[in-house]
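Take a look at this one; I'll ask things after.
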Amino acid sequence: ACPMDGGGCAFGKDLVTVWRREDMILATTADAPGGENGERTLGTGKDPAVAAMASGAALAVWVEKDAIQMLRLDRKEALPTRVADPAAGVKQGLPAIVALADGFLVAWEERAPGGKPAIKARWIPASP
């Protein structure tokens, strides 16, 4: 099987891409800090997605250990953070993201044990 999967690309100020290789989530940006082929490792997981704004703001999201992680690609943040903390036993998955005028809308599926899936969303402002 192919070791690469999924991902996405977005164009704001520059082109940004995210994808999965094996269990690593990777990204490239116009100002990539180097590494192999300008790749930047964001973390581990699956189902990466990305959105970017004309201002240069860019946000990547993915699933890691049944929780949605996020990392701003236009900042030098070292560690990803959770989009939302799931309740005990709840699994998050299938993240999607869109850039709007002043921030990002992240949506994902959440499923409690034995429950039906529900769509959840969170607004992430472009400015801190």
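The values are calculated or read from the model by the stated rules, or taken from the named source; none is laboratory data. Quick caveat: nothing in here was measured; it's all calculated off a predicted structure. Positions of Cβ are generated from backbone atoms using ideal geometry, with glycine treated the same way; all protein chains shown enter the neighbour counts. The protein model used for the area step is the full one, side chains on, heavy atoms only, and it has no ligands, DNA or RNA in it. Shrake-Rupley method; radii C 1.70, N 1.55, O 1.52, S 1.80 Å.
So, R0 is 25 Å and r is the distance between the beta-carbons of ASP14 and ILE119; what FRET efficiency does that work out to, to 0.05?
0.25
Ignoring ligands, DNA and RNA, what accessible area per residue does the chain give at 1.4 Å, in Å²?
Numbers: 7060 Å² over 128 residues.
Roughly 55 Å² per residue, with all protein chains present.
Shifting gears a bit: Just to be sure I follow the definition: excluding the sites themselves, where is the longest run in the chain that has none of the trypsin sites (Lys or Arg not before Pro) in a DSSP loop with at most 13 other Cβ atoms within 10 Å?
Longest gap between qualifying sites, sites excluded: 1-64.
Same structure again: Given R₀ = 22 Å, FRET efficiency for MET4-VAL98 by Cβ-Cβ distance, to 0.05?
Details: r = 24 Å, r/R0 = 1.08.
Once rounded, the FRET efficiency stands at 0.40.
So how compact is the chain: Cα radius of gyration and Dmax in angstrom?
14.3, 45
Let me ask you something else. Tally up the carbon and sulfur contribution to the accessible surface of the chain as a whole percent, 1.4 Å probe, everything protein left in place.
Percent of accessible area from carbon and sulfur atoms in the chain: 55.
Just to confirm the filter: which GluC sites (Glu not before Pro) across the stretch 37-128 are DSSP coil and have at most 14 other Cβ within 10 angstrom of their Cβ?
Here the GluC sites (Glu not before Pro) that fit, given the DSSP loop and packing criteria, are GLU77.
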